[in-house]
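Peer 1: The structure's right below; bear with me while I get my questions together.
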Amino acid sequence: MNKRKEPQGSNYFASMTDMLVGILFIFVIMIAFFAFLEKSQKNPLQDIVEGGVKSRVCVVNTMIEELQNSGIDARTEREGVVTISGKGLFASAQSDLKSVLGAVGRVDTIGEILLKQVKSFSITSVVADNSVCNRNGVYVESVFVEGHTDNIPVTSILTDGSTTNLELSARRATNTYQQLVKSSPGLLDVLNPRNQQALSVASYGEQRPIANNALSLGREDNRRIDIRFVMHIPETIADAERLRATVSP
């Protein structure tokens, strides 16, 4: 009985297939090894940066929810920023909180909620007292109260002395800041790792719109107060290690 002969090329292709499978297996093992190596060598600086990003998102989202539940028009348009409509805070072309009925009370509420959210990120905070947003043991660098306007130019001297949108936004931010610390003085005790006061003021006038100034609704959105959170990033791995030791139980 004649034995069937396999084509000579079949053994060659079988060998090539086995070799490719073997190479692929080694390649997968190498990827897994390097991924494990990278994870095991992750430095504390990277941990703090990633923790800061997560905590900041949590603070912004939680604060917006609490503000909205308190009847305050708040949302986020940019990463790390709580945007509060200026419509409920200032009358047109004015920086005095008393120009709108109830504005002082709204800012008092903002201060209360802000302090509640940010105090656990102070260098003076106790780890056990950290809020749900600071499970990562990070610190705040700065909290800016920012003033913004639409692009309609100031054509005369306003009642507060402003002659430009930049001046108007600065006075709005400053007046908001002063009322915040008056009603919630604990905000002055929120310190960054350099033992500097975290709460500060910035003004941008019409320079940073979030909506189309060609539309009345867009201009309304651009007249606003922003609260911007900047988390502390250590300059070196040694600094990161010291911060980690500070928050270690």
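Peer 1: Residue by residue, what Karplus-based ³J(HN,Hα) values in Hz, rounded to whole numbers, does segment 111-116 have, using 6.51, -1.76 and 1.60 with θ = phi - 60° and x for Gly and Pro?
Peer 2: x, 4, 5, 4, 4, 4
Peer 1: Further question on the same structure: Could you list the square roots of 5 times each eigenvalue of the Cα gyration tensor of segment 93-249, that is, the equivalent ellipsoid semi-axes, sorted largest first and rounded to whole Å?
Peer 2: 34, 17, 13
Peer 1: Please report the base-10 log of the normalised intensity I(q)/I(0) for segment 169-242, using a Debye sum with one equal scatterer per alpha carbon and no solvent, at each q in 0.17 (1/Å).
Peer 2: -0.80
Peer 1: Right, here's the next one. Using a probe radius of 1.4 Å on heavy atoms only, what accessible surface per residue do you get for segment 179-249? Whole Å² is fine.
Peer 2: That works out to 54 Å² for each residue.
Peer 1: Of 139, 103, 88, whose Cα points farthest to the positive end of the dipole of segment 41-157 (charges on the beta-carbon: +1 Lys, Arg; -1 Asp, Glu; origin at the Cα centre)?
Peer 2: Checked the options; the winner is 139.
Peer 1: A further question follows. Using the per-residue mean of other Cβ atoms lying within 10 Å as a proxy for protection, in what order, highest first, do the peptides 220-228, 67-75, 146-154 fall?
Peer 2: For the peptides 220-228, 67-75, 146-154, the packing ranking is 220-228, 146-154, 67-75.
Peer 1: Rounded, prolate or oblate for segment 53-161? Axes are the square roots of the Cα gyration tensor eigenvalues, ordered a ≥ b ≥ c, and the cut-off for rounded is a/c under 1.5.
Peer 2: It comes out prolate by the Cα gyration axes.
Peer 1: Using the crude model of +1 on Lys and Arg Cβ and -1 on Asp and Glu Cβ, and no other charge, please compute the dipole size for segment 106-204 relative to its Cα centre, in debye to 20.
Peer 2: 180
Peer 1: Given a 1.4 Å probe and heavy atoms of the protein chains only, how would you sort 132, 60, largest accessible area at the top?
Peer 2: Result of the area sort, largest leading: 132, 60.
Peer 1: What list of ³J(HN,Hα) values in whole Hz, one per residue of segment 216-224 in order, does the Karplus curve 6.51 cos²θ - 1.76 cosθ + 1.60 (θ = phi - 60°) give from phi, with Gly and Pro shown as x?
Peer 2: 4, 5, x, 5, 5, 5, 6, 7, 7
Peer 1: Work through the residues other than residue 66 whose Cβ is under 12 Å from its Cβ and net out their charges, Lys, Arg +1 and Asp, Glu -1.
Peer 2: Value of the local net charge: -1.
Peer 1: In terms of Cα to Cα distance under 17 Å, which aspartates and glutamates are near enough to residue 116, apart from those fewer than 8 places away along the same chain?
Peer 2: In chain and number order, the partners are 65, 66, 108, 129, 141, 189.
The values are calculated or read from the model by the stated rules, or taken from the named source; none is laboratory data. Because the structure is a prediction, the values reported are computed rather than measured. Cβ sites come from the backbone with ideal geometry, for glycine too, and all protein chains shown count toward neighbours. The protein model used for the area step is the full one, side chains on, heavy atoms only, and it has no ligands, DNA or RNA in it. Shrake-Rupley method; radii C 1.70, N 1.55, O 1.52, S 1.80 Å.
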